[in-house]
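Visitor: Supplied in structure tokens, the structure appears directly below.
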Amino acid sequence: MDKLYPLLMLPKFDPRPWGTHDLSPIYPNRKFEEKIGEAWLTGDDCQVANGPLAGQTLAQVSEKYQRELVGEAARDGRRFPLLLKFLFPHEKLSVQVHPDDEQARRVAQPWGKTECWYVAHAKPGAQIALGLKPGVTVAQLEHAIQEKRAEELLNWLNIYTGDMIYVSGGTVHTLGPGSVIVETQQQSDTTYRLYDYGRPRELHLQEGLAAVKLKVASGRVVRPAPAQVPGGKNRLAPLVAAPYFVVDMFEMKDPQELNTRDDSGKNSAHIMVATEGCGVVEASGGEPVTLAKGDAVVIPASVGKFTVRPQWTLEFLRARVPGATLPEPETRM
């Protein structure tokens, strides 16, 4: 079996009625005839763009290489564990809910969908809805859906560039317009649409209302201050550490070596998503890979040590599966 190397992923652009033709500021040179709502970066059907595996999907590579790709920390050795994507909401998304692991197993799904949102850009007044207002019951939500006033019962929050929002499975939520989001989630596309402002799309009320949880750990993540990396100009900002994923923000001006193995001793695939600037990712035995704004590079767990060399300045998110069992993060509304 050939040796794995850093994989540059081709974004898969997904049309949505709430999307936009203009994907600035992430993809300023791309224009689309359809409204694009999401750019999938590590979905099962996303393709590798470089090297001997070019053209193969992430699902195919995962099935072939298994733990060499996904690592020891992943729950399923045959499937890539994390889905990362950009969201470009130009109108309100549907009000929806994703099942947690327990609810997903009841409907024969392998796992649920807990996610987090990093706000890469936000216009003044941009909002999200996260959970129900205090005291609202599931029965009241169902009644409000029937009366086409579900928005009134949601907990709306203003969001700002740099926020990290944690959305645990079972949380009723939606996004308003005016932001660009980097979403990290369990590799699942199970979404129950509860309310869609009269758009002619299917609702999933029976399954969705059964999945709603009133007490959730969701909210704006309380984060420690960014840390200066010793011996250089680089900064590391921990964004969220949670049971299914750990996401950090790097601001690099100097080359830095990283490792796919964490303090637990277990390794994981790393997903790097550039939000500003450009750099090069280097690993032993592989060709250098350019990482520019909007790109995603998957570092297979078996690669071990790798080096990121910024060209002037590079900002990127790094997502991975934690090797140790972590609690849900501290959040506030």
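All of the numbers you see were taken from the coordinates with simple rules; none came from a lab. Since the model is a prediction, treat every value here as computed from it, not as a measurement. Don't worry about glycine lacking a Cβ; one is built from the backbone with ideal geometry, like all the others, and counts go over all protein chains shown.
Visitor: Would you please state which residues of the stretch 166-185 a label at MET333 would reach in this model, taking the label point 7 Å out along Cα→Cβ and a backbone N cut-off of under 16 Å?
Guide: Once the point is set 7 Å along Cα→Cβ of MET333, 166-168, 170-174 turn out to lie under 16 Å by backbone N, inside the stretch 166-185.
Visitor: Moving on. Counting other Cβ atoms within 10 Å of each Cβ, which trypsin sites (Lys or Arg not before Pro) in the stretch 69-171 have at most 15 and sit in a DSSP loop?
Guide: Filter output for the stretch 69-171: ARG75, ARG78, LYS148, ARG149.
Visitor: What length, rounded to one decimal in nm, is gained on full extension from ARG106 through to GLN311, with 0.36 nm per residue of separation minus their alpha-carbon distance?
Guide: 68.9 nm
Visitor: Set Lys and Arg Cβ to +1 and Asp and Glu Cβ to -1, take the dipole of the chain about its Cα centre, and tell me which of PRO110, TRP40, VAL97 lies farthest positive.
Guide: VAL97
Visitor: Moving on. I'd like the chymotrypsin sites (Phe, Trp or Tyr not before Pro) in the stretch 86-177 restricted to DSSP loop residues with at most 16 other Cβ atoms within 10 Å, sorted by number.
Guide: TYR160
Visitor: Sticking with this one: What FRET efficiency comes out for GLU91 versus ASN259 if R0 is 41 angstrom and r is the Cβ-Cβ distance? Round to the nearest 0.05.
Guide: So, using R0 = 41 Å, E works out to roughly 0.45.
Visitor: Continuing with this model, one more query. Got a sec to turn the phi values of the stretch 138-144 into Karplus ³J(HN,Hα) couplings, 6.51 cos²θ - 1.76 cosθ + 1.60 with θ = phi - 60°, whole Hz, x for Gly and Pro?
Guide: Karplus values, whole Hz, x for Gly and Pro: 5, 4, 5, 4, 4, 5, 5.
Visitor: Could you calculate the contour length gain from LYS64 to LEU205, that is, 0.36 nm times the residue separation minus the distance between their Cα atoms, to one decimal place in nm?
Guide: Difference between extended and current length: 46.9 nm.
Visitor: For LEU291, what residues show an amide H to amide H distance below 5 Å, using hydrogens built from the backbone and excluding near sequence neighbours?
Guide: GLY279, VAL280, VAL281
Visitor: Let me ask something else. Test of the criteria: in the stretch 128-170, which GluC sites (Glu not before Pro) are in a DSSP loop and have at most 11 other Cβ atoms within 10 angstrom of their Cβ?
Guide: Of the GluC sites (Glu not before Pro), the ones in loops of the stretch 128-170 whose Cβ has at most 11 other Cβ atoms within 10 Å are GLU147.
Visitor: May I pose another question? For the stretch 227-332, what are the per-bin percents of Cα-Cα distances with bins 10 Å wide, up to the bin holding the maximum?
Guide: 15, 47, 32, 6, 0
Visitor: Run the simple label-point estimate for GLU34 and GLU276 please: 7 Å along Cα→C-beta, distance reported in nm.
Guide: Going by the 7 Å Cα→Cβ label model, 3.3 nm.
Visitor: Amide H to amide H under 5 Å from THR313: which residues, 5+ apart in sequence or cross-chain, H placed 1.01 Å off N in plane?
Guide: It is CYS278, by chain and number.
Visitor: Next question, about the same structure. About the Cα centre of the chain, how large is the charge dipole given +1 on each Lys and Arg Cβ and -1 on each Asp and Glu Cβ? Please answer in debye to the nearest 20. Write out the running numbers ahead of the final one.
Guide: Values: 38 positive and 40 negative charges, 58 e Å.
That gives a dipole near 280 debye.
Visitor: Quick one: dipole size for the stretch 129-194, taken about the Cα centre, charges +1 on Lys/Arg Cβ and -1 on Asp/Glu Cβ, in debye to the nearest 20.
Guide: Values: 4 positive and 7 negative charges, 22 e Å.
Taking the Cα centre of the stretch 129-194 as origin, the dipole is about 100 debye.
Visitor: A further question on this structure: I need the shape label for the chain. Rule: rounded when a/c is under 1.5, else prolate if a/b > b/c, else oblate, with a, b, c from the alpha carbon gyration tensor.
Guide: Verdict is prolate for the chain.
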